[in-house]
Amino acid sequence: MYEKPEFNEKGEKILCEEKGKNAHMLMDVSVRRLKAGEKVRIMEQEKETAILLLAGKVLLAFQGRREEGERRSVFQDKPYCLHCGCRREMIVTALEDSRVLIQQTTNPNTFAPVFYTPELCTLQEFGKEQWEGTAHRQVLTVFDYENAPYSNMVLGEVFHKPGCWSSYPPHFHPQPELYYYEFDKPQGFGVGFEGEQCFRVEDQGCLTIAPMHAHQQAAAPGYRMYYAWLIRHLEGDPWRKTRIVEPAHEWLA
């Protein structure tokens with residue numbers, strides 16, 4: 001299901017809640033808008049937390065460390081992200097007006113914080129030599145089961161060319177997934193599929209993808225599209241880059 005929630009009075013845009021809105025995503029996901037000088041303290045007793053910088057400049061304080069991250073936009077710079085286990089204090093201070101995406105889920109593992117810089121994130125190119133380049137895109141993985149097996153989450157980004165497709169061929173998996181979109185122009189738009197449903201997707205909207213529902217995306221010509229992709233591992237069945245291609249489209253793969 002697609003929606004474009006508004007920011008509330010606290011500067012939060014709630015995308016899903018583990019025990020509330022879009023609970024089938026099994027995660028808490030929100031976008032937080034911070035004014036210069038504003039601070040946010042996070043310390044969860046039962047949940048792990050990832051803080052992804054979308055735009056702006058922030059100071060992250062955690063476990064005796066202080067690290068800065070700066071990003072002009074998702075289209076100009078690669079991400080900074082802080083990932084912490086439960087019972088770890090994190091303080092985010094906005095050094096200028098900023099936006100961060102916060103991803104959380106229940107996890108009893110008390111793993112040490114990891115501060116991901118652009119150099120630590122894996123960037124891959126897909127589709128360049130397939131289908132006449134119509135699904136050419138870049139996919140960045142911040143963390144997944146391979147580099148963070150202690151986590152119950154996956155976090156990555158897709159940088160999508162105008163007029164092209166991504167998350168292609170049509171595929172699905174048992175784990176729920178959420179996409180959060182941004183466009184290089186506020187009027188930009190694209191198309192997101194969730195199973196048999198098709199939605200017009202816009203800047204700062206989100207698509208919640210139910211387990212075993214096929215999902216693929218397209219961007220309108222003239223508009224660059226970005227989306228953060230967030231997956232919740234299932235107990236005993238973590239997502240390991242498993243993609244089940246729809247049988248009718250297996251020939252594409």
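Numbers at a glance
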quantity	calculated
C-alpha center-to-center spacing [region 193-253, region 23-75] in angstrom	24 Å
Gaussian network model of the chain, Cα within-10 Å springs - most flexible of GLY64, GLY163, GLY37	GLY64
Overall form of region 163-216 per C-alpha gyration tensor (a/c, 1.5; a/b vs b/c)	prolate
Computed accessible area, TYR80, all protein chains, 1.4 angstrom probe, square angstrom	50 Å²
Distance violations [Cα-Cα > 25 Å] among LYS10/LYS241; LYS161/LYS185; LYS39/LYS241; LYS21/LYS57; LYS19/LYS161	LYS10/LYS241; LYS39/LYS241; LYS21/LYS57; LYS19/LYS161
Mean separation of Cα contacts under 8 Å, 6 or more apart, over the residue count of region 146-253: relative contact order %	40 percent
Estimated dipole of region 124-253 in Debye, rounded to 20 [Cβ of Lys and Arg +1, of Asp and Glu -1, Cα centre]	200 debye
Fluctuation leader among GLU70, GLU17, GLU119 - the chain, Gaussian network, Cα springs under 10 angstrom	GLU119
Additional length obtainable on full extension of the chain from LYS35 to GLU250, 0.36 nm per residue less Cα span	72.6 nm
Shape call, region 190-241: gyration tensor on alpha carbons, a/c limit 1.5	prolate
Extension gain from ASP97 to GLU3, taking 0.36 nm per residue of separation minus the Cα-Cα distance	31.4 nm
Cα gyration tensor shape for region 53-130, rounded if a/c is under 1.5, else prolate or oblate	oblate
Carbon + sulfur, % of accessible area of region 132-253 - ligands and nucleic acids excluded, 1.4 Å	53 percent
Loop-located trypsin sites (Lys or Arg not before Pro) in region 60-109 whose Cβ has at most 10 other Cβ within 10 Å (DSSP)	ARG72
Contour minus Cα-Cα distance for GLU196 and ARG66 (0.36 nm per residue)	42.2 nm
Relative packing of peptides 193-205, 44-56 - highest average C-beta neighbours within 10 Å first	44-56, 193-205
Accessible area expressed per residue, region 129-253, with surrounding protein chains retained (probe 1.4 Å, Å²)	42 Å²
Within a Gaussian network of the chain (alpha carbon springs, distance under 10 Å), most fluctuating of GLY190, GLY156, GLY133	GLY133
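The values are calculated or read from the model by the stated rules, or taken from the named source; none is laboratory data. Bear in mind the structure is a predicted one, so any value in this text is a computation, not a measurement. Positions of Cβ are generated from backbone atoms using ideal geometry, with glycine treated the same way; all protein chains shown enter the neighbour counts. Ligands, DNA and RNA are excluded from the accessible area calculation, which covers all protein heavy atoms including side chains. Shrake-Rupley method; radii C 1.70, N 1.55, O 1.52, S 1.80 Å.
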